[in-house]
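Asks: Structure incoming, see below.
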Amino acid sequence: MTLTSDRNAVTLQPEEFRLLRDFISGYCGLYFEESSAYFLERRLQNRLEQKQLTNFLDYYYLLLYGQEREEELGKVVDVLTTNETYFFREPNQLKTFCEEIAPELLQKKKNRRLRIWSAGCSTGEEAYTLAMLALEHRDLQDWDVEIFATDISQRVLQTARKGVYGKSSFRSTDPYYEGRYFHKLDSNRSQVDDSVKKLVNFGHLNLLQPEQWTILALFDIIFCRNVMIYFNLESKKKMVENFHRKLEEGGFLLLGHAESLMNISTSFSLRHFRHDMVYQKPHSVAPGIS
Ligand SMILES: C[S@@+](CC[C@H](N)C(=O)[O-])C[C@H]1O[C@@H](n2cnc3c(N)ncnc32)[C@H](O)[C@@H]1O
């Protein structure tokens, strides 16, 4: 038993750290360097307490074989993921989406249907931003726009479905959008309008378990921003390879600004637009040639 006397908290031993770290990384991609062992210890201590366990090795076995393993894995994800997000994040990329990517796709597609995936949507601000932009986009008015937004954490998805947000979510929002698409609940909170909600479907999905995605139809655009920065190379490769399968030919993959496909994949081409650079799944036959 490794109870420390001062804090009455269990200490994470180096071998336990490695077992848990590798297991968590394989399960959901989140990867912790040795220097983050203390973070992992602190975040999981409360789970050990709840489960009345006295060492991390027992907790590891619980995650591996315990009857309540699925539920507990959900709790692990909730305490370990970083869910930071806000409306209209990374405006240059959104400009590229509205002014260059959408028009290009609109010209090419014959079925007047645009399918967008916000992968790792957190509390929903990214997906609702895309819905507001679609509602405002003159050329999309008679298009069927479907936004599918997924996350591994049930906790953030609950917030996303409610659509109630505090001030920090609006830190980068033009007052026009706040006035037009939100209803003030009180001085601190606003609720997103049903016209925006209607365009978004939220779902629970682990990006490292592609077998959960097989039923999804192909997408025209995938936004996966600020998710893979927390993954190791192996998990990044696995996820990106599956994004490639889930994109239409000529479809786009938009990553966060700190993220790139360097050393991860050569299956995409890098398109230079006016305001940003974006990855695109190449056509197997160049468009126009049959
Ligand atoms: C920092 S937030 C990014 C939110 C939004 N995309 C943005 O850029 O503002 C990262 C989100 O990715 C989710 N995530 C992490 N690993 C995941 C996985 N394996 N499958 C699905 N979602 C995951 C986390 O739960 C978290 O909500």
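The values are calculated or read from the model by the stated rules, or taken from the named source; none is laboratory data. A quick note: this is a predicted structure, and the numbers were derived from the prediction, not measured. All Cβ positions, even for glycine, are placed from backbone atoms using ideal geometry, and neighbour counts span all protein chains on display.
Asks: Looking at the range 250-287 only, could you name the residues that are assigned to a loop (DSSP other than H, G, I, E, B), polar (S, T, N, Q) and either under 26 Å from residue 85 (Cα atoms) or in contact with a His (Cβ under 9 Å, 6 or more places away or on another chain) (or both)?
Replies: 260, 265, 267
Asks: Quickly run through the range 248-269 and pick out the residues that are away from the ligand (no atom under 16 Å from the Cβ) and surrounded by fewer than 22 Cβ atoms within 10 Å (Cβ to Cβ).
Replies: Across the range 248-269, the qualifying residues are 248, 249, 250, 261, 262, 263, 265, 266, 267, 268, 269.
Asks: With over 17 Å from the mean Cα position of the chain (by Cα), among the aromatic types (Phe, Trp, Tyr) and loosely packed, with under 15 Cβ neighbours inside 10 Å as the only criterion, which of 165, 176 stands out?
Replies: On the way: 165 fails: loosely packed, with under 15 Cβ neighbours inside 10 Å.
Just one listed residue meets the conditions, 176.
Residue-by-condition table, conditions (1) in contact with a Lys or Arg (Cβ under 6 Å, 6 or more places away or on another chain); (2) among the charged types (D, E, K, R); (3) without any contact (Cβ under 8 Å) to a residue 24 or more places away in the chain:
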site	(1), (2), (3)
137	no, no, no
149	no, no, no
171	no, yes, no
184	no, yes, yes
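Asks: Looking at the range 44-82, which of its residues are assigned to a loop (DSSP other than H, G, I, E, B), surrounded by fewer than 15 Cβ atoms within 10 Å (Cβ to Cβ) and among the polar types (S, T, N, Q)?
Replies: 52, 54, 67, 82
Asks: Answer yes or no as to whether residue 89 is outside any helix (DSSP H, G or I), at pLDDT 95 or above and either within 16 Å of the chain's Cα centre (by Cα) or within 15 Å of the ligand (Cβ to nearest atom) (or both).
Replies: yes
Asks: What single numbered condition from (1) crowded, with 17+ Cβ neighbours inside 10 Å; (2) in contact with an Asp or Glu (Cβ under 8 Å, 6 or more places away or on another chain) fails to hold for residue 201?
Replies: (1)
Asks: Would a scan of the range 94-113 turn up a residue that is within 16 Å of the ligand (Cβ to nearest atom), part of a loop (DSSP other than H, G, I, E, B) and either at pLDDT 95 or above or not assigned by TED's automatic domain parsing to the domain that holds residue 257 (or both)?
Replies: No, every residue in the range 94-113 fails to be within 16 Å of the ligand (Cβ to nearest atom), part of a loop (DSSP other than H, G, I, E, B) and either at pLDDT 95 or above or not assigned by TED's automatic domain parsing to the domain that holds residue 257 (or both).
Asks: Could you give every pair whose Cβ atoms fall below 6 Å, whose first residue belongs to the range 234-261 and is farther than 18 Å from residue 283 by Cβ, and whose second residue is at pLDDT below 95, counting only separations of at least 6 or pairs across chains?
Replies: Matching pairs, first to second residue: 242/210.
Asks: Residues that are away from the ligand (no atom under 13 Å from the Cβ) and modelled with pLDDT of 95 or more: list the helices (runs of 4 or more DSSP H) wholly contained in the range 128-246 that include at least 3 such residues.
Replies: Passing ranges, in order: 175-181, 194-197, 233-246.
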